[in-house]
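Take a look at the structure below.
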Amino acid sequence: MSTFWWIRRRSYAFFVLRELSAVFVAWSVVFLLLLVRALAQGESEYRAFLDWAATPWVVLLNVVTLAFLVLHAITWFNLTPAALVVRLRGRRLPPAVVAGGAYAGWVVVSAVIVGLVVTR
Amino acid sequence: MADTITLQVARYRPGRETAPTVEEFDVPLRKDWAVLDGLNHVKDHQDGTLSYRWSCRMGICGSCGMTVNGEPRLTCATFLIDYAPGPVRVEPLANFPVIRDLVVDIGDFMRKLPQVSPWIVRREEKSVSEGEYLQTPQQMEDYSQFSMCINCMLCYSACPVYGLDPEFVGPAALALAQRYNLDSRDEGSDVRLDLLIHPEGIWGCTFVGECTRACPKGVDPAGAIQRYKLTAALQSLKSFVLPRGPR
């Protein structure tokens, strides 16, 4: 099989994009750590970091990263019911409910973070 | 609706040629004909040397798997009318060595299947006089989906991991292991554990999901594998946290 075995089919190509999203997840963690480090180093370092983050290439990178993060989260939550069989009172919860639970968790965590960070 | 449809059939005759070729045959386009009926027409009326496997012609024996227009399909369950006006490309099942024409060597799977102990394993067998192993409908439902496998190999054909690494145990074998792990009558999870948690076992799977898409019986081998990944991970965690506890 060639290195580009995944180009032949849409479902294979989508799979490779899904797997590639992990690289962007890693970048978002690194970016967050750089932000925290800049904050810890003081006002001028923090301002310098924000200026750097506002440069066109970094903005473009982060926009692409955001898209891949969303892809990563959505595909992960949609696939969760395949691995996680939840039984309530002897009956198996429908896959949509299990996935819905994951999305609900996402909303709750996001709301808490927004409450802590944005509305101070 | 036209009268005929063209089948572009892969031919390979070892000894006569060194590489596969394609031969075209026109077969009647009848609205109830499957690709298999087309192949049978070729063999009966046009070229008796065409070689392919088939048996039940109703989607239960798993013999007639081939690649139709790039997709792994049971040729008895794939209808010519859905490909009209054609042509329809019929090739041997992908990811398997070709013996001749459309016949592939499935020996690899036949060797892997017994390795997952696809039978009820009991620490102590009950004697016949003690009666059957009883099971509620709920307990049967727990594993029945994975018992639908007809060993047709379409999942192996669809799986890119198997294509890239033939050592991978593969979707059907892993799903069948789960069929027995989840069977309330079975006590053999330990017996199957070592093969399943091998890097070429469940951990070889990257959840592409194509096996589930290709399966003609709705087995969902991808689901079986991911469920076992969770079970195995939790079991590893338990044995790490409670090393002397029950396995």
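Structure above, values below:
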quantity: Over chain A, relative contact order from alpha-carbon pairs under 8 Å, at least 6 apart, %; calculated: 21 percent
quantity: Neighbour-count order for B:LYS43, B:LYS126, fewest beta carbons within 10 angstrom listed first; calculated: B:LYS126, B:LYS43
quantity: Under-5 Å amide H pairs with B:THR4, H placed in peptide plane, nonlocal only; calculated: B:LEU29
quantity: Where only alpha carbons of the range B:1-118 are counted, the Rg and the Dmax (Å); calculated: 14.8, 50
quantity: Quarter of the Cα convex hull surface for the protein assembly as shown, i.e. its orientation-mean projected area (nm²); calculated: 28.4 nm²
quantity: Sorted peptide list for B:173-183, B:220-230, A:17-27, criterion being average Cβ within 10 angstrom, highest first; calculated: B:173-183, B:220-230, A:17-27
quantity: Shape category assigned to the range A:23-120 from the gyration tensor of Cα positions, a/c cut at 1.5; calculated: prolate
quantity: For q = 0.16 Å⁻¹, Debye-computed log10 I/I(0) when each Cα of chain B counts as one equal scatterer; calculated: -1.12
quantity: Taking the range B:89-247 and dividing mean pair separation by its residue count, relative contact order in percent (alpha carbons under 8 Å, at least six apart); calculated: 25 percent
quantity: Cβ-based net charge around B:GLY59, under 13 Å, with every Lys or Arg adding one and every Asp or Glu removing one; calculated: +3
quantity: ³J(HN,Hα) computed for each position of the range B:69-78 - Karplus, 6.51 cos²θ - 1.76 cosθ + 1.60, integer Hz, glycine/proline x; calculated: 6, x, 10, x, 9, 7, 5, 7, 10, 10
quantity: DSSP bridge orientation in chain B - percent antiparallel, rounded to nearest 5; calculated: 80 percent
quantity: Interchain or long-range residues, amide H under 5 Å from B:GLY188's placed H; calculated: B:VAL121
quantity: Ranked B:CYS149, B:CYS211, B:CYS64, criterion: other C-beta atoms within 10 Å, fewest first; calculated: B:CYS149, B:CYS64, B:CYS211
quantity: From phi via Karplus (6.51, -1.76, 1.60), per-residue ³J(HN,Hα) for the range B:23-33 in Hz, x at Gly/Pro; calculated: 10, 9, 10, 9, 10, x, 9, 9, 5, 9, 8
quantity: Karplus (6.51, -1.76, 1.60) ³J(HN,Hα), θ = phi - 60°, over the range B:84-98, in Hz, Gly and Pro reported as x; calculated: 4, x, x, x, 10, 8, 10, 10, x, 4, 5, 6, 10, x, 8
quantity: Amide H partners (placed H, <5 Å) of B:ILE99, local residues excluded; calculated: B:VAL104, B:ASP105
quantity: Net charge, B:ASN40 excluded, C-beta distance under 13 Å - Lys, Arg +1, Asp, Glu -1; calculated: +1
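Only the coordinates and a few stated rules stand behind these numbers; no lab work does. Since we're looking at a predicted model, the values are computed, not measured. For neighbour counting, all protein chains shown are included, and Cβ atoms are generated from backbone atoms with ideal geometry for every residue, glycine included.
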